[in-house]
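The values are calculated or read from the model by the stated rules, or taken from the named source; none is laboratory data. Keep in mind that what you see is a predicted model, and the values were worked out from it rather than measured. Here the Cβ positions follow ideal geometry from the backbone for every residue, glycine too, while neighbour counts run over all protein chains shown. In case anyone asks, the SASA skips ligands and DNA or RNA and just uses the protein heavy atoms, side chains included. Shrake-Rupley method; radii C 1.70, N 1.55, O 1.52, S 1.80 Å.
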Amino acid sequence: MRIFSLYILNKAGGLVFQKDVNPGIAKLTANDYLVLAGTLHSVHAIATNLKPAECRSLNETAQTVNGQILSSGKASTPNVNNLGLQHVDTDYFSLYVFQTLTGIKFVLVTSPVAKQDHSHESPLSTKGELRKQYELVEEYFKQLYVLYCDYVMKDPFYSTDMPIKSTLFEAKIKSVCEA
Amino acid sequence: MTIYSFYIFDRHCSCIYSREYTHTTPGNGRTNVNNESDVAKLLFGTLYSLKTLSLKLDDSQSLNSLRSFSTGAYRVHFFESLSNFKFVLITDLAVETLQTQLQQLYGVVFVNNVIMNALSPVEFGSAKITNDSFVRLADNFLRLLPVFE
C-alpha cells in the first residue's frame, strides 16, 4: 500500500493541512481542495444517517461511548464517529477518514486494494482484503495523530482551526508516509 | 454477511426501484416503498458526491469509477452502467466486493427484463419498475448469492 495524500480537516470541515506525499493522484487547485474537504465533511455526516434499520452491529451510540469514556477515563477507540464515512474504494485509489474526539478529521488517500482476479472470482476469495488494508491504515492514523498532537497542538504559535504551517510537522509526516 | 437493500437510480437522479430485505423478522421485505424517501435521496447525493470526487482526484486518463464506500456499520456497493443507471446494494461490512455480481445483475436480469421489455418506458420519469418478472428474478439472483444471509 502506498500513501498518496494526507488532508487534515478542522471540526467545521475546513481544510487546515494538505500534503501530497507520493505522486499518484491528480493535483487540484487550492479552491478545489477546499471544496473536496467540505464535501467529505458533509458526506461523513450524511453517511451516519443512512444506516439500514435492520443493521444491528455496533451499539456505539453517543451515550454508550460517553459512558465508556466517563467510567474508564479513556475512549476504547480514538475514532469517535464510527458510524460516519470510513472508507471509499475506487478503481485508482482508496480514501480513508478518521475522526478524532475533538472532531478533527484525518483523510488519507492511498493506493487501492488490489483488484481481484475476475476469472475465478467468488465473493469469499478476497475475504478480508479491505479489512486488512483498513487495519494498516488505522495504524498510520494513530501515528499521524501523535505527530499532530506533538508538533501542532504543542506549538505555542499555532491557533486552533487555522491552517498548519509547521515545517517540522511536514517533515515528520513525510518520514512516516514515505516509508 | 447480509444484504440489506437494493436501489436502482436512473440518469435523471430518480430512484426507479427500491427493495428492502428483512432478515430478523419474517416476511418478504418491501418493494418500491422508499423511492421518494429521504434515505433514497441522501443515498443518491452521497454516491453522486463521492463519484465526482473520485473522478476529480484521478490522475490517469481513463475514467475512475467508484466501487464502494463504507462506514462503521454498513457498506454500499455501487455500479453504474454506460447508460447511467446506477445500481446500489447496501450490505454489512463483511461483504467486501460485489462488483461482478452487480454487473451480472445488470447484464442478465435488468437488460433482459427492463431494457428489452417493450412495455417498459425508456425514460421513467416519476414511474418505477413494477415489472413482476424483474422483481422476481432480481430477488432470486440476490437471494442465491452466498453473501445474502
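Restriction of the trypsin sites (Lys or Arg not before Pro) in the stretch B:90-149 to DSSP coil positions whose beta-carbon has at most 12 other beta-carbons within 10 angstrom yields no sites. Taking chain B as a Gaussian network of alpha-carbon nodes connected by springs under 10 Å, the highest mean-square fluctuation of the residues B:ILE90, B:ILE115, B:ILE16 belongs to B:ILE115. Relative contact order, whole percent, for the stretch B:3-143 stands at 23, derived from Cα pairs under 8 Å and 6 or more residues apart.
Tell me, what is the per residue accessible area of the stretch B:3-143 in Å², probe radius 1.4 Å?
On a per-residue basis, the stretch B:3-143 sits at 43 Å².
Of the candidates B:PHE69, B:PHE78, B:PHE44, which one comes out as most mobile in a Gaussian network treatment of chain B with C-alpha springs shorter than 10 Å? Evaluated over chain B, the most mobile residue of the options is B:PHE69.
Sorting the Cα pairs of the protein assembly as shown by distance into bins of 10 Å, from 0 upward, gives 5, 25, 32, 23, 11, 3, 0, 0 percent per bin.
Each chain gives up part of its surface: A and B jointly bury about 3900 Å² of accessible area, both sides summed, for a 1.4 Å probe. Annotation note: trypsin sites (Lys or Arg not before Pro) in the stretch B:27-81 located in DSSP loop regions with a Cβ neighbour count of at most 10 within 10 Å are absent.
Placing pseudo-labels 7 Å out from each Cα toward the beta carbon at B:ASN140 and A:ALA12 gives an inter-label distance of 5.7 nm. In this rough spin-label picture, where each label sits 7 Å from Cα along the Cβ direction, the A:LYS27-B:ALA127 distance is 5.1 nm.
Principal axis extents of the Cα atoms in the stretch B:3-143, from largest to smallest and rounded to whole angstrom, are 43, 37, 28. Nonpolar atom fraction for chain B, defined as the carbon and sulfur part of the 1.4 Å probe accessible area, stands at 57 percent. Projecting the Cα atoms of B:SER49, A:ASN49, B:PHE87 onto the charge dipole of the protein assembly as shown, computed from C-beta unit charges around the Cα centre, puts A:ASN49 farthest toward the positive end.
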